[in-house]
Amino acid sequence: MTMSLAAALAHLLVAQAGQDSDRIYAGLAEKYRVEFLEAQGRDLPSGFDRHPDIHWTAADADARREYARLIAEEMGRYPARLVELSGLKRVVVCADLTSQGKAVGGRSDPGTIWLNAKAENARLKRRLFHHEFFHLLEFNQIPPGGFSNQFLVEWESICGREAYDATSSAADPRKEGFINYYARKNPSEDRAEIYSMLLVMNKELKIIRSLDVKVDLKANLIQKHILISCPQIGERFWSMPPSPVE
């Protein structure tokens with residue numbers, strides 16, 4: 001399948017930059033008008049506004065370079081308009097990320113995505129980027145909790161709010177209508193998990209969709225409303241080859 005222009009640009013940036021994360025980020029910053037920060041210690045540039053419950057350490061140089069490559073490949077799939085709609089202003093790559101005292105792989109606040117370079121594997125790191133990006137779409141481009149009132153009505157008609165359980169854990173078996181335990185936490189996490197799987201693990205998601213009509217309906221709804229919000233993505237956005245699995 002022919003690679004999209006955006007994806008081709010991302011791969012070109014990586015090829016040209018080699019292992020230099022600064023050069024990779026410079027290319028992305030020019031295209032998307034987004035700032036990329038690599039935490040070198042516990043301090044970030046003065047004037048940077050962050051939530052006081054977020055803590056981190058610096059990632060080592062190899063981890064920072066590797067995440068720069070992954071971000072270039074994944075973000076490069078996005079048209080500039082979708083990034084603009086999300087309100088994304090900066091991406092912070094760090095290590096040992098915690099939020100409210102809990103270790104996390106990523107965190108999103110309006111305008112900012114935090115990514116933990118020590119996440120378990122490359123596939124998870126790719127999904128984390130898309131997961132947190134989707135949260136920004138909900139923060140900025142759409143009313144809280146949904147793309148539109150109609151979207152909320154359609155979403156809740158699939159499984160209802162009573163199906164969610166904030167106490168769900170990895171030990172719980174997958175339940176009908178959800179791709180994993182984390183998606184059961186709340187509707188926002190459910191949508192972000194499906195969205196990230198659409199872009200990184202589409203083959204696996206197709207199997208789940210073939211067996212679970214509720215997951216299929218949810219995935220269709222997300223795809224439909226993102227296309228409505230950003231026609232620039234086009235239908236091919238969802239049919240791109242899956243991300244490489246390291």
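The values are calculated or read from the model by the stated rules, or taken from the named source; none is laboratory data. Quick caveat, the model's predicted, so the values are computed rather than measured. Using ideal geometry, Cβ is built from the backbone for each residue, glycine included, and neighbour counts are taken over all protein chains shown.
Table for the structure above
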quantity: Residues located in segment 90-144, provided they are in contact (Cβ under 8 Å) with a residue 40 or more places away in the chain, more than 14 Å from residue 57 (Cβ to Cβ) and of a type in the set (A, V, I, L, M); calculated: 91, 122, 128, 136, 137, 142
quantity: Search result, residues across segment 26-83 that are farther than 30 Å from residue 227 by Cα, modelled with pLDDT of 85 or more, in a loop (DSSP other than H, G, I, E, B) and of a type in the set (D, E, K, R); calculated: 60
quantity: Close pairs from segment 189-217: first part of a helix (DSSP H, G or I), partner among the basic types (Lys, Arg) and buried (at least 19 other Cβ atoms within 10 Å of the Cβ), Cβ under 6 Å, at least 6 apart; calculated: 194/218; 196/127; 200/126; 200/127; 215/209; 216/209
quantity: Hits in segment 171-188 (condition: assigned to a helix (DSSP H, G or I) and either in contact with a Leu (Cβ under 7 Å, 6 or more places away or on another chain) or in contact (Cβ under 8 Å) with a residue 24 or more places away in the chain (or both)); calculated: 187, 188
quantity: Residue tally, condition in a loop (DSSP other than H, G, I, E, B) and farther than 17 Å from residue 133 by Cα, over segment 95-109; calculated: 2
quantity: Every residue from segment 159-214 that is buried (at least 17 other Cβ atoms within 10 Å of the Cβ) and of a type in the set (A, V, I, L, M); calculated: 179, 183, 192, 194, 197, 198, 199, 200, 201, 205, 208
quantity: Matching residues in segment 189-240 - criterion: being in contact with a His (Cβ under 8 Å, 6 or more places away or on another chain) and among the aromatic types (Phe, Trp, Tyr); calculated: 195
quantity: Conditions (1) modelled with pLDDT under 85; (2) farther than 28 Å from residue 89 by Cβ; (3) outside any helix (DSSP H, G or I); number of the one not met by residue 168; calculated: (1)
quantity: Every residue from segment 218-246 that is part of a helix (DSSP H, G or I), within 25 Å of residue 87 (Cβ to Cβ) and small (Gly, Ala, Ser); calculated: 219, 229
quantity: Qualifying residue in segment 88-108 (condition: within 22 Å of residue 199 (Cα to Cα) and at pLDDT below 90); calculated: no
